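Remarks on the structure that follows.
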Amino acid sequence: MRILAVDPGEKRIGVAISDPNATIATPLSVITHQSRAQDAGRILQLAVETGVDKIIVGQNLDDEGLPTFSGRKAARLAEELRSQSSLPVELWDESFSTVDARQARLQIGVGRKKRKGHQDDLAAAMILQSYLDRITLDGDQNLKE
C-alpha cells in the first residue's frame, strides 16, 4: 500500500510518498498554493500518477488536541480531496513537522545556504513517517493491506 502525505501551508503544500510496503517516507514534491479546489486537484493528480491507496493530510492541533486555525484549513482541504476522489483521506497530527524537518537537515550537516529554502516536502515526509511508524507500532495490518 502506497500512501501520499500532504503538509498544507499558506504558500506551499509539501507532498511525500511512502514506499510500496508503507514503511519509508520520501519527499515527493512541493505545490504552490492556488485555491483549495485547484490544490486538491493537483494533489489527486500526483496520487493517480504515483498509484497511492490513501492520502494523509497533516493537521495542526493545539495543546488540548483541537484543530488550530491552520488545522481547520487542513480539514477543509481534506474534505475537498474527499469530494473529488474516492481515495481514503485521513487527517494526522502534524505538530512540529516543519521544526523537525529543519532539525533533521541540521543533524545531517546541510549548510546554512541550502537550509534557507522551503522544507515543505521534507515536512510532509516527517508527517508521513510518523504515521507509518504509528501503524507499524500498532500492528494494524488492515492499514497496510
| task | Give the residue that is modelled with the highest pLDDT, with candidates limited to residues of the stretch 52-96 that are acidic (Asp, Glu) and farther than 17 Å from Asp39 by Cα. | result | Asp53
| In the set Thr68, Thr32, Thr50, Thr26, which member is surrounded by fewer than 16 Cβ atoms within 10 Å (Cβ to Cβ) and within 12 Å of the chain's Cα centre (by Cα)? | Thr26
| Is one or more of the residues making up the stretch 121-128 modelled with pLDDT under 95, surrounded by fewer than 13 Cβ atoms within 10 Å (Cβ to Cβ), outside any strand (DSSP E or B) and of a type outside the set (S, T, N, Q)? | no
| field | Any hit, the stretch 29-45, residues being assigned to a helix (DSSP H, G or I) and acidic (Asp, Glu) | value | yes
| Counted residues, the stretch 53-67 - those being of a type in the set (Val, Ile, Thr) and out of contact with any Phe, Trp or Tyr (no Cβ under 6 Å at 6 or more places or on another chain) | 2
| said: Just the residues that are farther than 16 Å from Ala125 by Cβ and either in a helix (DSSP H, G or I) or among the small types (Gly, Ala, Ser) (or both), please, taken from the stretch 48-59. | reply: Val48, Glu49, Gly51
| Hey, Gly65 hits all of (1) in a loop (DSSP other than H, G, I, E, B); (2) of a type outside the set (A, V, I, L, M); (3) touching a Pro at 6+ places or on another chain (Cβ under 9 Å) but one; which does it fall short on? | (3)
| Residues Arg76, Arg82: which one is among the charged types (D, E, K, R), in a helix (DSSP H, G or I) and over 15 Å from the mean Cα position of the chain (by Cα)? | Arg82
| request: Output the residues belonging to the stretch 6-21 that are assigned to a loop (DSSP other than H, G, I, E, B) and closer than 14 Å to Ala78 by Cα. | output: Gly9
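The values are calculated or read from the model by the stated rules, or taken from the named source; none is laboratory data. The model shown is predicted, which means the values in this text are computed figures rather than measured ones. Don't worry about glycine lacking a Cβ; one is built from the backbone with ideal geometry, like all the others, and counts go over all protein chains shown.
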